[in-house]
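Student: Can you keep this structure in mind? I'll have questions shortly.
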Amino acid sequence: MTDILNYINGELLPAQSNDWLDNYEPATGEVYSRIADSDAADVELAVQAARAAFPAWKRTSVDERARLLSAIADKLEHWNEALAEAESMDNGKPVWLARTVDIPRAAHNFRFFAHAITQWPSESHAMPDVAINYTLRDPIGVVGCISPWNLPLYLFSWKIAPALAAGNCVVAKPSEVTPMTAFLLANICREVGLPAGVLNIVHGLGSKCGNAIVSHPQIKAISFTGGTKTGEHIARIAAPVFKKLSLELGGKNPTVVFADCDLDQTVNEVMRTAFSNQGQICLCGSRIYVERSIYDKFRDALTAKVKALKVGDPMDAGNQQGAIVSKLHFDKVLSYIELAKQEGGRLLTGGHTVKPEGRCQNGWFIAPTLFENLAPDCRTNQEEIFGPVATITPFDSEDEVVGYANGTAYGLAASVWTTDLKRAHRVAAALESGIVWVNCWLLRDLRTPFGGVKQSGVGREGGVEALRFFTEAKNVCIKL
Ligand code: NAD
């Protein structure tokens, strides 16, 4: 049984308490490793290591920082298959998905920010004959990065890479539900010679270890991705002490299909939008709105495709859907299926658990589930389920569907499917959403701003937005 250890000051260590948490394989429902159950004492050790490393790391040239981040990216690519298997085992996602998306994108995050930091100019503002201003962008110091379980290494690296590139030292915590690839990343950092203390990874519960990171007075900024409730809690701790905060939170994303869409392509893509990674991507579109004139045809085609999705062992390349990440989450998703029925939803497909034969018979599997006949303002259409459950609803006009799309507390991502360019621009502008995809979904250019509005978050990640977050701007004004 593997011990998932903290990475502090370049060393792999158990929690000082020597307490452990069980780590489960969702596909089998069995414990397969144990996690350091860290507390404030371990976070303190990590912060002191990060503080000691900061003066030298801040002075390290951008070329050297970029070289180290690129070396990490090289190693992630080299170990793609092993990391994909580890991610799949830890999270329950199909191994083909981890192999083609999670791990390559984690490597891409390190490589992208390695390049970005070498190309990041500072600003200068001239006041002719009076003065010249220039802006310095200093690293903040020790920063905290906290990530969720749905895209474990991918989202962990999305925070760590820009923080390190900008010259900060980091205390990071992956989700206790999926800690394995963060542990493997620690080994890679040791192999490439990242200086001790520059990155520290502390494992454990959010309420204990995560809370200690957020509360630590010497951690000056927190980049958090996770649930809206947790974000609210973190903001309550961080705001009174003026900690810089980036909050990437939940979503309840609309998918808006107009009658003039390319029907076959849209059915396929809308299915991917709703059910990729068992619907456990913050960007998944779980509310599907379809223009009434094509509603019946679209619903029937989508239902047939969803019904055909194969659910089972994530290690089997023939399965499109793997396991739900934890028993707790499995029960939560099932409770929402019951709620949708109580709210009058008509089940089109799914709505039940799946018991694969063989090694996965005790795993946490749910058939991809599609409901219709649910009002846009019912709880099923308002609350984030974050699982393989979507609803489909007809609409008659553009104004009506924009109202439905905007009618939740969230505003993370939306997709619009139409061949009418003017409509695409109009609807994209009208949607209250941090990201709008038109005739595509999850197409990512890492230079673009990423984040949500309303209860989906505060701040933006990605490209220079992330580098700005992880630095403090200082204007220097020199009189001529
Ligand atoms: P979560 O909020 O339960 O946990 C996220 C992380 O926060 C974990 O590492 C957890 O240990 C830690 N944490 C929990 N309580 C804490 C506390 N009191 N103090 C500090 N840290 C604490 O979320 P989750 O269940 O892991 O992830 C699912 C959620 O994440 C969904 O709501 C999803 O929409 C959201 N998400 C958002 C984005 C985005 O980019 N906006 C991306 C992925 C996931």
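The values are calculated or read from the model by the stated rules, or taken from the named source; none is laboratory data. This is a predicted model, so every value here is computed, not measured. Note: ideal-geometry Cβ built from the backbone for every residue, glycine included; neighbour counts use all protein chains shown.
Student: Using the structure shown, decide if Ala53 is closer than 24 Å to Asn109 by Cα, modelled with pLDDT of 95 or more and crowded, with 19+ Cβ neighbours inside 10 Å.
Tutor: Yes: the conditions hold for Ala53.
Student: Look through Lys310, Lys229 and report the one residue that is near the ligand (Cβ under 10 Å from one of its atoms), out of contact with any Phe, Trp or Tyr (no Cβ under 8 Å at 6 or more places or on another chain) and of a type outside the set (Ser, Thr, Tyr).
Tutor: Exactly one of Lys310, Lys229 is near the ligand (Cβ under 10 Å from one of its atoms), out of contact with any Phe, Trp or Tyr (no Cβ under 8 Å at 6 or more places or on another chain) and of a type outside the set (Ser, Thr, Tyr), namely Lys229.
Student: Does Ser276 fit the bill of being polar (S, T, N, Q), within 16 Å of the ligand (Cβ to nearest atom) and out of contact with any helix residue (DSSP H, G or I) (no Cβ under 7 Å at 6 or more places or on another chain)?
Tutor: yes
Student: Residue by residue through region 144-190, note down the ones that are within 20 Å of Ala84 (Cα to Cα) and part of a loop (DSSP other than H, G, I, E, B).
Tutor: Ser147, Pro148, Trp149, Asn150, Leu151, Pro174, Ser175, Glu176, Val177, Thr178, Pro179
Student: Being closer than 30 Å to Pro356 by Cβ and assigned to a helix (DSSP H, G or I) is true for just one of Glu64, Glu77, Glu81. Which residue is that?
Tutor: Glu81
Student: Can I ask one more? Looking at region 139-183 only, could you name the residues that are over 21 Å from Ser207 (Cα atoms) and within 10 Å of the ligand (Cβ to nearest atom)?
Tutor: Hits for region 139-183 are Tyr154, Trp158.
Student: Hey, can you tell me all the residues within region 278-301 that are assigned to a helix (DSSP H, G or I) and either hydrophobic (A, V, I, L, M, F, W, C) or surrounded by 24 or more Cβ atoms within 10 Å (Cβ to Cβ) (or both)?
Tutor: Gln278, Gly279, Ile294, Phe298, Ala301, listed by residue number.
Student: Using beta carbons and a limit of 6 Å, which pairs, at least six apart or on different chains, have the first residue in region 2-20 and at pLDDT below 95 and the second one not in a strand (DSSP E or B)?
Tutor: Final answer for the pair search is none.
Student: Based on this model, can you work out whether Leu412 counts as more than 16 Å from the ligand (Cβ to nearest atom) and in the same structural domain as Gly322 (by TED's automatic domain parsing)?
Tutor: In short, no.
Student: Against the condition at pLDDT 95 or above, farther than 27 Å from Ala238 by Cβ and outside any loop (DSSP other than H, G, I, E, B), how does Ala114 come out, does it pass?
Tutor: Considered against the rule, which asks whether it is at pLDDT 95 or above, farther than 27 Å from Ala238 by Cβ and outside any loop (DSSP other than H, G, I, E, B), Ala114 comes out as yes.
Student: Which is closer than 23 Å to Asn439 by Cα and under 27 Å from the mean Cα position of the chain (by Cα), of Ile324, Ile392, Ile385?
Tutor: When all the criteria are applied, what remains is Ile392.
Student: Which residue out of Thr448, Thr391 is not in a strand (DSSP E or B) and not assigned by TED's automatic domain parsing to the domain that holds Met127?
Tutor: Of Thr448, Thr391, the one residue that is not in a strand (DSSP E or B) and not assigned by TED's automatic domain parsing to the domain that holds Met127 is Thr448.
Student: Can you tell me which residue within region 421-445, out of those that are outside any loop (DSSP other than H, G, I, E, B) and basic (Lys, Arg), is farthest from the ligand (Cβ to nearest atom)?
Tutor: Lys422
Student: So, in region 416-435, how many residues would count as being touching a helix residue (DSSP H, G or I) at 6+ places or on another chain (Cβ under 6 Å) and among the small types (Gly, Ala, Ser)?
Tutor: Looking only at that region, the number is 1.
Student: Between Phe275, Phe242, which is surrounded by 24 or more Cβ atoms within 10 Å (Cβ to Cβ) and aromatic (Phe, Trp, Tyr)?
Tutor: Just a single option satisfies the conditions, and that option is Phe275.
Student: I've got another one for you. From the list Arg65, Arg99, Arg111, Arg105, which one is free of Cβ contacts under 8 Å to residues at least 24 places away in the same chain and in the same structural domain as His216 (by TED's automatic domain parsing)?
Tutor: It is Arg99.
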